[in-house]
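Down below is the structure, laid out as structure tokens.
The values are calculated or read from the model by the stated rules, or taken from the named source; none is laboratory data. Here the structure is a predicted model, which is why all the values come from computation and not from measurement. All Cβ positions, glycine included, derive from the backbone under ideal geometry; neighbour counts span all protein chains shown.
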There are 2 protein chains.
Amino acid sequence: MPKKCVVLLSGGIDSATCLFLAKKEGFLPYCLFFDYGQRHLKEIKSARRIAASAGAELLVSKIGFPWKGSSLLDKSLEVPARSSKGIPSTYVPGRNIIFLSFALSCAESIKAGAIFIGANARDFSGYPDCRSDFYRAFRKVASTGIKKRDIEIRTPLINKTKAQIIRLGAELKMPFEMTWSCYRGKVKPCNRCDSCRFRAKGFKEAGIDDPLV
Amino acid sequence: MPKKCVVLLSGGIDSATCLFLAKKEGFLPYCLFFDYGQRHLKEIKSARRIAASAGAELLVSKIGFPWKGSSLLDKSLEVPARSSKGIPSTYVPGRNIIFLSFALSCAESIKAGAIFIGANARDFSGYPDCRSDFYRAFRKVASTGIKKRDIEIRTPLINKTKAQIIRLGAELKMPFEMTWSCYRGKVKPCNRCDSCRFRAKGFKEAGIDDPLV
């Protein structure tokens, strides 16, 4: 019987690569997607297609942030075309902490042994919840705060460049055409937001064509 | 200008006492309530009245657990009349981890300096997310995972007995008549579930009459 794992799946390249990595390692993955009022909710379609292509179940949790403060949640704010210095306005305070907390709850409930999160300290080094010291701290929470004390928190992409992730995704035959990265969530990628720019740069450096372009 | 804080308010005695304690300490409290599909959702009325009585704003976050596994979430399971040994079926995996994660997000968004949670290691010692070692671990998450690194996680009731909490609530003139404890969430408290029994025992030991009885 394969060991279960929870994969935090947003529909982007990083989380989809995590899913295919978990499968390759022999896990039976359960994907977890959050509808948190993000303006690019269209990523849910990507997440559904990607989970289905990996033969994995997708669990959707709808969560409310009654406070705003991020341009990803608040449609009256502009998504910046290029992030200025420091932490960009697309930062959602505590987002990965919240996602991981739900993943822990889910993992304990379904008896999964590991959680995969595609956090990456390079591209989003401005986001504190993408850095290694946070993950070290969260592992301590995972080993004290729930009944099951041996759930692994896996961050296989934490130190990889986008190009390295894209090469890994290609090796794993991850379906890039199903992914969605753009923060704006319109019909086509805007090619201007941080997320689009990191994607384009990654494909270019990896020497691979982006099927969305 | 008073310092803001976030109080996790469930509508029960412990969290309400925390709210009045935070007020007494000079904080401007923002209360956070979760609608997580609990069978005793009627506690939201208590939370609303208690927050109003303290002159505090109540923020309600609706969150979905697409998995079950707790008798508090799954109405096909019975709430036990008396908990058996070990962790009871009313345990919701990771509940306080999730609540604290949202509180961190909220605290950062509204620029609050502290979070109050009425966790208590005595009555609910079977719940891992009510114990001190978990809170020590979560403090490390709070100081690494968000931009604002100095948000205090306050657990003023962690080592108190229910009787001590009730005496403290009485000193602070906390409106006990507005609180709700029963897990079953019917018209009147069932007086049989763990939560009702701890409440009754606490009032008895404190030598104070419970206005709900």
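Looking at region B:136-152 only, could you name the residues that are assigned to a loop (DSSP other than H, G, I, E, B) and surrounded by fewer than 24 Cβ atoms within 10 Å (Cβ to Cβ)?
B:SER143, B:THR144, B:LYS147, B:LYS148, B:ARG149, B:ASP150, B:ILE151
So, in region A:163-181, exactly how many residues are buried (at least 23 other Cβ atoms within 10 Å of the Cβ) and farther than 12 Å from A:ILE50 by Cα?
4
B:PRO211 versus (1) of a type outside the set (Ser, Thr, Tyr); (2) farther than 30 Å from A:TYR127 by Cα; (3) in a helix (DSSP H, G or I); (4) over 14 Å from the mean Cα position of the chain (by Cα): which is the lone unmet condition?
(3)
Matching residues to (1) of a type outside the set (A, V, I, L, M); (2) more than 9 Å from every other protein chain (Cβ to nearest Cβ):
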{"position": "A:PRO93", "(1), (2)": "yes, no"}
{"position": "A:LEU104", "(1), (2)": "no, no"}
{"position": "A:GLY113", "(1), (2)": "yes, yes"}
{"position": "A:PHE116", "(1), (2)": "yes, yes"}
{"position": "A:ALA121", "(1), (2)": "no, yes"}
{"position": "A:CYS130", "(1), (2)": "yes, yes"}
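So A:SER46 fits all but one of (1) at pLDDT below 90; (2) under 23 Å from A:PRO156 (Cβ atoms); (3) hydroxyl-bearing (Ser, Thr, Tyr); what number is the exception?
Evaluating A:SER46 over (1) at pLDDT below 90; (2) under 23 Å from A:PRO156 (Cβ atoms); (3) hydroxyl-bearing (Ser, Thr, Tyr) leaves (1) as the failure.
Of the conditions (1) over 24 Å from B:LEU104 (Cα atoms); (2) within 15 Å of the chain's Cα centre (by Cα); (3) free of Cβ contacts under 8 Å to residues at least 40 places away in the same chain, B:ALA170 satisfies every one except a single condition; which number is it?
With (1) over 24 Å from B:LEU104 (Cα atoms); (2) within 15 Å of the chain's Cα centre (by Cα); (3) free of Cβ contacts under 8 Å to residues at least 40 places away in the same chain applied to B:ALA170, the lone miss is (2).
Taking region B:109-122 as the search range and keeping residues that are of a type in the set (A, V, I, L, M, F, W, C), buried (at least 23 other Cβ atoms within 10 Å of the Cβ) and under 15 Å from the mean Cα position of the chain (by Cα), which one is modelled with the lowest pLDDT? If you could, list the steps in order and put the result at the bottom.
Residues of region B:109-122 of a type in the set (A, V, I, L, M, F, W, C): B:110, B:112, B:114-117, B:119, B:121.
Those left that are additionally buried (at least 23 other Cβ atoms within 10 Å of the Cβ): B:112, B:115-117, B:119.
So of that shortlist, the ones also under 15 Å from the mean Cα position of the chain (by Cα) come out as B:115-117, B:119.
Numbers: B:ILE115: 98, B:PHE116: 98, B:ILE117: 98, B:ALA119: 94.
Filtering first and then ranking leaves B:ALA119.
Take region A:50-82 and flag every residue that is out of contact with any Cys (no Cβ under 9 Å at 6 or more places or on another chain), small (Gly, Ala, Ser) and either closer than 18 Å to A:ASP123 by Cα or modelled with pLDDT under 85 (or both).
A:GLY64, A:GLY69, A:SER70, A:SER71, A:SER76
Residues in region B:123-131: is at least one touching a helix residue (DSSP H, G or I) at 6+ places or on another chain (Cβ under 8 Å), at pLDDT 95 or above and not in a loop (DSSP other than H, G, I, E, B)?
The answer is no; no qualifying residue exists.
Out of B:THR179, B:THR161, B:THR155, I need the residue that is within 14 Å of chain A (Cβ to nearest Cβ), touching a residue at least 12 places away in the same chain (Cβ under 8 Å), closer than 24 Å to B:LYS23 by Cα and not aliphatic (A, V, I, L, M). Which one? Let's see the steps before the verdict.
On the way: B:THR179 fails: within 14 Å of chain A (Cβ to nearest Cβ); B:THR161 fails: within 14 Å of chain A (Cβ to nearest Cβ).
Every option except B:THR155 fails the conditions.
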